[in-house]
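Single-structure report; data block below.
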Amino acid sequence: MSSNVTVCVRFRPLTSKEIAEHGDEVCIRCLDDKSFVFKDERGEELTFNFDKVFYSESEQASVYEFSVLPIVRDAVNAINGTIITYGQTGAGKTYTIEGPNIKESDELKKGLLQRVVGELFECMKSSDETVNYSMKLSMVEIYMEKVRDLLDLTKDNIQIKENKVQGIMLSGVTEITIVDAVDTIQWLHTGIANRAIGETYMNMASSRSHSIYILTIIQEFKAHKRVRTGKLVIVDLAGSEKVEKTGAEGKVLEEAKTINKSLSALANVVNALTNPQGKTNHIPFRDSKLTRILQDALGGNSRAALLCCCSPSPCNAPESLSTLRFGARAKYIKAPPRCNFDEGFIQKNGFISPAKQDQCERVLNKLREKLEDEDVKLLEELFILEGILFEPDSIEELDEAFEDLTSRTISSLQKAVEELVIANDELKKENQVLRAGVATLEMLALEPGAIESIIGAISRTLGVFRSMAFSFIRKLI
Ligand SMILES: Nc1ncnc2c1ncn2[C@@H]1O[C@H](COP(=O)(O)OP(=O)(O)OP(=O)(O)O)[C@@H](O)[C@H]1O
């Protein structure tokens, strides 16, 4: 099975500071567009291979077309996609995602985000008339292990939830319905302006938080009222440099330590996923907010591209080497992406809307108020028996498992209802055909045996209907 993570490396041009220190010396020697030789601090040469290497002169458009465009096209077909930029502070992560600024429209300079938004609206415009598309935008940042809503700063501690239908979700996050590219860029601009910015010795404007942009593409098929969604998650990680090198103190030191903790959690997840014993291994997604949010992307419910951003200068060789090693490891993550709701489809009204989520939340809150310790224990046992929860050690974990069970039940009931609706439609059609047959026979002289064959067809149809009804009732029970 090939990897579901496309790993690319991008070397930015040398900065004037780097040129002042080392002239135009670089620590890489290009072999081709997939491999290069890297010279480490001690002068040792190491060869690296990736899906694609973008050298200093590479254009924003080429990075986008190779690593992001296929994922965007899949997202329009309800296959989730994730794009992550990784690298030390100042390595070009934000430049790659946003360009010099999010409002940049110059074809050469504009970032991945502007291109993604343009492509999504183009796809929607050119889609056929059988589908209604709509799109939503959310933006959050993870700062000091808290998820903050960048489109509503009053929501400064968004909880991460998981349900079997929609996967990892940010509970109560602001979702703006976006109508065109200009509107979307304006919202992105608002969100970006809200990012927590810290100052460090390494870079006077370095971002100390992980930024996450979420675009949800909703497809509604007019004929059957089917709904499919594709989620595109774009992650601009905070700098991955070592704390000592930043010269940070006080609050900035604390920020740097938290960033390092979440990035090591990410490295641990990648290591666990690429461990040869893979299957039996515990994957520590819950060790940080970052890994929890990326659980779908790395755990298989998504196509993903990892862009490892590096400086080509020898003065940043240790940090670049660490980034390259991370990328080299991620290349071995193997898990096929899935299409959302492609098999059993979900009626529009059955789709779990925010209103329904709220309803679920209210029911859960009531349960929490009313449950006695004994009931909690019983529920725990039930969840263990169901194989949902193994060692429940917190009420949150229990809540999550309960929600999980609720959503599984809802989706199996939805599936049963869908099957019944299909059966009903088919029976209606058959009924029409039979009625037409009877009418024709009444008009013509009746052939011997015709009535018997009509009765036979009716009783066969009734038999099919009865067995479908039984299977539906069994599912309800
Ligand atoms: N491919 C590139 N072409 C031209 N300039 C670039 C390129 N990549 C980065 N730069 C410039 O290098 C500087 C640092 O880049 P950027 O801010 O994107 O780094 P970063 O990795 O996002 O850092 P941080 O982690 O601090 O956010 C910026 O001035 C940016 O304009």
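The values are calculated or read from the model by the stated rules, or taken from the named source; none is laboratory data. Being a predicted model, the structure only gives us computed values, none of them experimental. Here Cβ is always computed from backbone atoms with ideal geometry, including for glycine, and neighbour counts include all displayed protein chains. Keep in mind that these areas ignore ligands, DNA and RNA; they rest on the heavy atoms of the full protein, side chains included. Shrake-Rupley method; radii C 1.70, N 1.55, O 1.52, S 1.80 Å.
Distance between the pseudo-spin-label points of Ser105 and Thr190 (7 Å out from Cα toward the beta carbon): 2.0 nm.
Suppose R0 equals 25 Å. What FRET efficiency, 1/(1 + (r/R0)^6) with r the Cβ-Cβ distance, do Asn268 and Leu153 give to the nearest 0.05? That pair, Asn268 with Leu153, gives E of 0.20.
Under a 1.4 angstrom probe, counting protein chains only, how are Thr229, Thr323, Thr190 ranked by accessible area, largest first? Write down the numbers at each step before the final one.
Numbers: Thr229 25, Thr323 0, Thr190 55 Å².
Solvent-accessible surface, decreasing: Thr190, Thr229, Thr323.
Accessible area per residue was computed with a 1.4 Å probe on protein heavy atoms; Cys309 scores about 0 Å². Computed over neighbours whose Cβ is under 9 Å from that of Phe50, the net charge equals +2, Lys and Arg +1, Asp and Glu -1.
May I ask you to list the GluC sites (Glu not before Pro) in the stretch 23-122 that are in a DSSP loop and have at most 14 other Cβ atoms within 10 Å of their Cβ? Walk me through the numbers on the way to the answer.
Numbers: sites: Glu25, Glu41, Glu44, Glu45, Glu57, Glu59, Glu65, Glu98, Glu104, Glu107, Glu119, Glu122; in loops: Glu25, Glu41, Glu44, Glu57, Glu59, Glu104, Glu107.
Of the GluC sites (Glu not before Pro), the ones in loops of the stretch 23-122 whose Cβ has at most 14 other Cβ atoms within 10 Å are Glu25, Glu41, Glu44, Glu57, Glu59, Glu107.
Loop-located trypsin sites (Lys or Arg not before Pro) in the stretch 4-35 (DSSP state not H, G, I, E or B) with no more than 13 neighbouring Cβ atoms inside 10 Å: Lys34.
Full extension of the chain between Ser459 and Ser35 yields a length gain of 145.8 nm, computed as 0.36 nm times the residue separation minus the alpha carbon distance.
Of the listed pairs Lys146/Lys331; Lys17/Lys103; Lys261/Lys331, which have alpha-carbon separations greater than 25 Å here?
Working: Lys146/Lys331 29 Å; Lys17/Lys103 27 Å; Lys261/Lys331 22 Å.
Lys146/Lys331; Lys17/Lys103, as the Cα separations exceed 25 Å there.
In percent, how large is the relative contact order of the stretch 6-343, given Cα pairs closer than 8 Å and 6 or more residues apart? Walk me through the numbers on the way to the answer.
On the way: 696 pairs, mean separation 92.3, N = 338.
Contact order relative to length: 27 percent.
The local environment of Glu145, defined by Cβ-Cβ distances under 9 Å, has a net charge of +3 under the rule Lys, Arg +1 and Asp, Glu -1.
Any idea of the accessible area per residue across the stretch 7-102, 1.4 Å probe, to the nearest Å²?
Details: 4240 Å² over 96 residues.
With the other protein chains kept in place, the stretch 7-102 gives 44 Å² per residue.
If you wrap the stretch 6-343 in the convex hull of its Cα atoms and look at it from every side, the mean projected area works out to 17.5 nm².
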